[in-house]
Amino acid sequence: MLTAKDACGGWERRVEIPADRSRYGTIDEVSEANERILRDILSGPYPATSPKDGLPDPTEAIDVQNFEKLQDAYNACLNETAIEELGPAPLLSLLEQVIAKYPVESACNPMKFQATGIDSASMTKEPHCSDTNGSLTEVIQYLQSIGVGALFSLVVTVFPDTRVALIL
């Protein structure tokens, strides 16, 4: 009978679990290797290519621009000085937008229904959630529009037989 020790013994002898972790596996090892590769790529210049037949590659200019955009985003995350100078302002701005779209006072906010002293008669006088601007749907639409996944994401998968499946 094949045991886990038989299957993974070589890896266990070769790899030491880092002291700051309670577990470490092959997925962690591959993930760290990929992070190192990406860091090396984004920290360096765009790879030089030689023109074929004396003509420049028409897509290389676009590739260089895309690479520079990726480098800018990567470097922005590494710029701790700028991040410290900005402080919480960017996040607070986002939170203010969400609160404006879905205020606590909204008839649709579930926190409102947890308050004490609300009788059923007063709740029926308020407009239905779909009739108000303070809806969770509006917040989800806003977050999706700025690239923040909220509650769901849209994934397009192309299968080998060329059929396309949309998955929510």
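The values are calculated or read from the model by the stated rules, or taken from the named source; none is laboratory data. What you see is a predicted model, and the numbers here were worked out from it, not measured in a lab. So basically every Cβ, Gly included, is an ideal-geometry build from the backbone, and we count neighbours across all protein chains shown.
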Those residues that are surrounded by 10 or more Cβ atoms within 10 Å (Cβ to Cβ) and either modelled with pLDDT under 70 or closer than 12 Å to residue 29 by Cα (or both), I need them from the range 1-11; list them, please.
8, 11
If we scan the range 37-59, do we find a residue that is under 21 Å from residue 149 (Cα atoms), touching a helix residue (DSSP H, G or I) at 6+ places or on another chain (Cβ under 6 Å) and of a type in the set (Ser, Thr, Tyr)?
no
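Could you tell me how many of the residues in the range 14-37 are among the hydrophobic types (A, V, I, L, M, F, W, C), surrounded by 12 or more Cβ atoms within 10 Å (Cβ to Cβ) and either at pLDDT 90 or above or part of a helix (DSSP H, G or I) (or both)?
0
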Those residues of the range 69-105 which are free of Cβ contacts under 8 Å to residues at least 24 places away in the same chain and of a type in the set (Lys, Arg) amount to 69
Considering each residue of the range 62-71, count those that are within 18 Å of the chain's Cα centre (by Cα) and surrounded by 11 or more Cβ atoms within 10 Å (Cβ to Cβ), and give that number.
2
Report yes if residue 87 is closer than 30 Å to residue 138 by Cα and modelled with pLDDT of 90 or more, otherwise no.
yes
